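Only one structure is covered here, and it is reproduced in the block below.
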Amino acid sequence: MASSSRTKLVHVCSECGTSHPKWAGRCSGCGDWNTLVEDVETGGSDQPAVPSSRPGPTLIGDVGTDTGHPVSTSIEELDRVLGGGIVAGSVTLLGGEPGIGKSTLLLQLLATWKGPTLYVSAEESAQQVKLRAERLNADHSNLWLHAETSLPHILDAIEQTRPEVVVIDSIQTVNDPSLASLSGSVGQVRGCAQRLVNVAKEQNISIILVGHVTKDGSLAGPRVLEHIVDTVLQFEGDRHHSLRLLRASKHRFGSTNELGLFEMATTGLIGVPDPSSLFLADRRTGVPGSAVVPTMEGQRPIVVEVQVLANAGIAGVPPRRSAQGLDSGRLSMLLAVLGRRSRVPAADQDIYASTAGGVKLSEPGLDLGVCLAAVSAIRDQPLPADVAVFGEVGLGGELRQVGHAARRLTEASRLGFSRVIVPSNSPESDANIRLIRAATLSEAIAAAGLGANAPISELRAI
Ligand code: TYD
Ligand code: MG
């Protein structure tokens, strides 16, 4: 037996993985409170193995660039988030709440992959996985299944099947008996992940680790996991709705701005190629408190409806503010600007703001939409049905241009909008849509026909 080496009791931070000889209320590594848990440490055995033959330094001109190209997964929405596909030898962590569809997405990925793949199920039996694969019409001949939780056996299975892509579902249920830490502990999760990362790099295999998330949305276990992998993906959504959002919070091979959208159907996850139409499907026109914004998610324009409900607050009680899908701090700031710069009486109103469907968005181009929806709600007057708006609102009440104006306008035009209120210096566009320019929030309010003293504006007359 190898582990006769000395073991000692330590206290490890469940957030950042820092090891402390004594218990303390606060972690000295990350500063979080009450995160230290008891663990055992063997003489350095959960340290990453150092490869024996290390390459020396290379002149940058001699470094080959033919590795690191992403290989398409044939799942378009996943490729979008990953910047084209999966890079050989990369390690990805996929986080998400239970039941959101992580296993489904990864099974679909492996089943459609052209080369051999291995799905390690450390939570479900091979029969359960097979049944799911049948439901997805994804019973692929190159897909190996292995229901196993012990890391040495998993490594043997990788050796035997020589897969191009491996899924470990989930990393929290895998354990390595050679590590002294208890199964499921921080030390185990970190040690197992580190060994898998080494295997991925040494054998040029892409590995995807599934990670459970806690209620507040962060990955359970040490944050250290996020540091040792190349890519961290989050799968989000409301379990009561079928829409699922995939985002990268870290990506060594590309941007983290892109949003992937899926719908959970009875035959698995289906990509949503036209999210604008989906988000506008339930929109009712002529209702006060609604504004339509062509917003940007990475390189993709998405037209969404922003809704605001305003209600006279109770005198003496601080007004209620609620933001769903929008940043609540930004909402407060915009309401303050409306009050101070445009004399819209927002201060004593209860304000509830939401993106239609509650999809989380944060982008400066939404500002003008939030403001006009709020004015529309407070004054109980709808915006014209064919008008969309976008622009950033500054603290002085000025409107500032935002990026990708042309793409926003083309998307708004495609969806049938004929006029767009934009900041005055927003670039010209080829799209078949009329630009209404406004330098300030007050000008935009007037242009939308929502002015306090000028209800009959250019727009209302149409
Ligand atoms: P699953 O992939 O098991 O989620 P996770 O691995 O993130 O825990 O998916 C769970 C839910 O998805 C489950 O409640 C059933 C539903 N589902 C469908 O609606 N359609 C399908 O084709 C499949 C496979 C699952
Ligand atoms: Mg699962």
(message) Here is a list: A452, A446. Which entry is among the small types (G, A, S), open to solvent by 10 Å² or more (accessible area, probe 1.4 Å) and not in a helix (DSSP H, G or I)?
(response) A452
(request) Collect the residues in segment 318-329 that are touching a strand residue (DSSP E or B) at 6+ places or on another chain (Cβ under 9 Å) and surrounded by fewer than 18 Cβ atoms within 10 Å (Cβ to Cβ), keeping them in residue-number order. (result) P319, R320, R321, S322, Q324, S328, G329
(message) Go through segment 96-118 and report how many residues are more than 10 Å from ligand 1 (Cβ to nearest atom), open to solvent by less than 10 Å² (accessible area, probe 1.4 Å) and farther than 16 Å from I158 by Cβ.
(response) 2
(message) So V344 ticks every box in (1) open to solvent by less than 20 Å² (accessible area, probe 1.4 Å); (2) closer than 24 Å to E263 by Cα but one. Which box is left unticked?
(response) (2)
(message) So, G64, is that one under 36 Å from the mean Cα position of the chain (by Cα), exposed (fewer than 10 other Cβ atoms within 10 Å of the Cβ) and at pLDDT below 80 or not?
(response) yes
(request) Go through segment 259-282 and count every residue that is aromatic (F, W, Y) and at pLDDT 90 or above. (result) 1
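Quick grid of which residues meet (1) closer than 18 Å to R408 by Cα; (2) loosely packed, with under 11 Cβ neighbours inside 10 Å; (3) assigned by TED's automatic domain parsing to the domain that holds L366:
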residue	(1), (2), (3)
L261	no, no, no
A265	no, yes, no
G268	no, no, no
R283	no, no, yes
G286	no, yes, yes
A291	yes, no, yes
P294	yes, no, yes
(message) Here are the criteria: (1) away from ligand 2 (no atom under 16 Å from the Cβ); (2) in contact (Cβ under 8 Å) with a residue 24 or more places away in the chain; (3) polar (S, T, N, Q); (4) within 30 Å of S183 (Cβ to Cβ). Tell me which single one Q234 does not satisfy.
(response) (1)
(request) Can you tell me which residue among S141, S121, S150 is surrounded by fewer than 21 Cβ atoms within 10 Å (Cβ to Cβ) and in contact with a strand residue (DSSP E or B) (Cβ under 8 Å, 6 or more places away or on another chain)? (result) S150
(request) Give me the pairs, please: first residue somewhere in segment 96-117 and in a strand (DSSP E or B), second residue anywhere and near ligand 1 (Cβ under 6 Å from one of its atoms), beta-carbon distance under 8 Å, and either six or more positions apart or on two chains. (result) G96/K102
(message) Within segment 77-95, does at least one residue satisfy the condition of being in contact (Cβ under 8 Å) with a residue 40 or more places away in the chain and within 13 Å of ligand 1 (Cβ to nearest atom)?
(response) yes
(message) Out of the residues in segment 385-413 meeting the condition of being among the small types (G, A, S) and part of a helix (DSSP H, G or I), tell me which one is farthest from the chain's Cα centre (by Cα).
(response) S413
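Take residues that are within 16 Å of ligand 2 (Cβ to nearest atom) and more than 19 Å from the chain's Cα centre (by Cα) and tell me which of the strands (runs of 3 or more DSSP E) falling wholly in segment 259-330 contain 1 or more.
268-271
The values are calculated or read from the model by the stated rules, or taken from the named source; none is laboratory data. All values derive from a computational prediction rather than experimental measurement. In this analysis, Cβ positions are derived from the backbone assuming ideal geometry, glycine residues included, and neighbour counts consider all displayed protein chains. The area values use the complete protein model at the heavy-atom level, side chains included, leaving out ligands, DNA and RNA. Shrake-Rupley method; radii C 1.70, N 1.55, O 1.52, S 1.80 Å.
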